[in-house]
Amino acid sequence: MIFSVRPVERICVVGAGNMGHQIALSAALAGYRVKCTDVSREVLERADQFADSYLADRVARGKLAEEAARSARANILFTRDLNEAAGDADLVIEAVLENLELKIQIFRQLDEICPPHAILATNSSYIVSSRIAGATGRPEKVCNMHFFNPALVMKLVEVVKGPHTAGETAEAVRAVAEKMGKIPVVLQKEIYGFLVNRIVSAVRREALYLLDMGIASHEDIDSAVVHALGHPMGPFRLLDLVGIDLAYDISMGLYRETGDPADKPSPALVERYVRGEWGKKKGKGFYDYRAPDRPAG
Ligand code: 3HC
């Protein structure tokens, strides 16, 4: 279908959690008018406070001009009201929990609330947009736009075209990522886990296997990956950063998709998932963040 896409000026980010608040702030820093929404008052307040402290810290460290910080702050509004957040958006980036039913419900609402020209993108780590696009009357304007954690720092953005996604939609989303100072890559076809999570999962699976076999401690496996391969952090430190709950969900999703027992979450992952040790956000995962010098067992 041929249609023209309006230039994106207003962005709505749905979900102010781990990823959403940093995606919203990145967009505000790039000059977009951003409204960030969440159902949780507490999560929104935390995101609002983070915006203040992050910008102030960057100004204090000479990384950002005061005027740029002021204008980024003025560009971003946090609100619990989805109608207010999405009613005038040119692009919506959904960044809620990895729950297909929840995403479908949100996209159905967004389709009613947003102007007809608006593009609806999901930041899902692994759910392809063809699972969601059918909930809208505008599947040609739906795609994946996948950021990495921490989104203010990580440069890559995966733009994934589904069979329903118009070329103009992918191009508009790619251009937004570029304006945000990111390095976009466009996947021409959908695949579970996209590029990066497939590669990360391969490394993670091997690291967990080595740990489960008792070959080495998680600290030593991390050290090997950092000091021999030059990764900025090892797979266990990274698991703690992105969330063990998310990694568990990704593994279970993949296992459901393939039926291959090798894709099941490993015992070391399941143990921590069940104990609620979901990584940095919970104070403990593979490492203990409540006592930074003491690694968790
Ligand atoms: N939020 C915002 N900024 C942060 C941050 C955070 N959580 N953590 C670090 N930073 C910033 C720092 O302020 C600093 O900025 P500056 O250079 O402008 O002063 C810069 O990042 C470097 O930070 P540090 O010097 O404190 O620490 P490091 O050099 O170790 O960098 C890191 C931290 C950027 C997290 C780095 O370790 C890294 O790149 N780790 C790998 C992260 C990664 O692989 N992410 C992808 C995960 S997979 C994923 O996201 C998939 C998704 O589907 C879940």
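The values are calculated or read from the model by the stated rules, or taken from the named source; none is laboratory data. Source: prediction; values computed, not measured. Note that each Cβ is placed from the backbone with ideal geometry, even for glycine, and that neighbours are counted across all protein chains shown.
Figures for the structure shown
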| quantity | calculated |
| --- | --- |
| Boolean, LEU241 is of a type in the set (A, V, I, L, M, F, W, C), surrounded by fewer than 19 Cβ atoms within 10 Å (Cβ to Cβ), in contact with a strand residue (DSSP E or B) (Cβ under 7 Å, 6 or more places away or on another chain) and in the same structural domain as ARG272 (by TED's automatic domain parsing) | yes |
| Of residues in region 263-288 being of a type in the set (Gly, Ala, Ser) and part of a loop (DSSP other than H, G, I, E, B), the one surrounded by the fewest Cβ atoms within 10 Å (Cβ to Cβ) | GLY276 |
| Per-region count, region 231-271, residues near the ligand (Cβ under 10 Å from one of its atoms) and closer than 12 Å to ARG205 by Cβ | 4 |
| Of all residues in region 1-60 being at pLDDT below 95 and in contact with a His (Cβ under 9 Å, 6 or more places away or on another chain), the one that is farthest from ARG73 (Cα to Cα) | PHE3 |
| Output for region 1-19, where each listed residue is farther than 25 Å from LYS280 by Cβ and crowded, with 24+ Cβ neighbours inside 10 Å | ILE11, CYS12 |
| Filtered residues of region 150-169 (kept if in contact (Cβ under 8 Å) with a residue 60 or more places away in the chain and in a helix (DSSP H, G or I)) | GLU168, THR169 |
| Residue, farthest from the chain's Cα centre (by Cα), within region 49-69, restricted to residues that are within 10 Å of the ligand (Cβ to nearest atom) and among the hydrophobic types (A, V, I, L, M, F, W, C) | LEU64 |
| Residues of region 128-149 satisfying the condition of being surrounded by fewer than 18 Cβ atoms within 10 Å (Cβ to Cβ) and in contact (Cβ under 8 Å) with a residue 60 or more places away in the chain | ASN149 |
| Count of region 207-230 residues which are within 12 Å of the ligand (Cβ to nearest atom) and in contact (Cβ under 8 Å) with a residue 12 or more places away in the chain | 2 |
| Hits in region 180-202 - residues which are more than 14 Å from PHE147 (Cβ to Cβ) and either surrounded by fewer than 17 Cβ atoms within 10 Å (Cβ to Cβ) or among the hydroxyl-bearing types (Ser, Thr, Tyr) (or both) | VAL186, GLN188, LYS189, ILE191, TYR192, ARG198, ILE199, SER201, ALA202 |
| Cross-chain or 6+ apart pairs with Cβ under 9 Å, region 243-264 first and more than 26 Å from GLY17 (Cα to Cα) and modelled with pLDDT of 90 or more, then of a type in the set (S, T, N, Q) and more than 12 Å from the ligand (Cβ to nearest atom) | LYS264/SER251 |
| Number of positions in region 126-159 that are in contact with an Asp or Glu (Cβ under 6 Å, 6 or more places away or on another chain) and within 16 Å of the ligand (Cβ to nearest atom) | 2 |
| Residue satisfying all of: in region 203-236; within 21 Å of HIS146 (Cβ to Cβ) and not in a loop (DSSP other than H, G, I, E, B); modelled with the highest pLDDT among these | PRO235 |
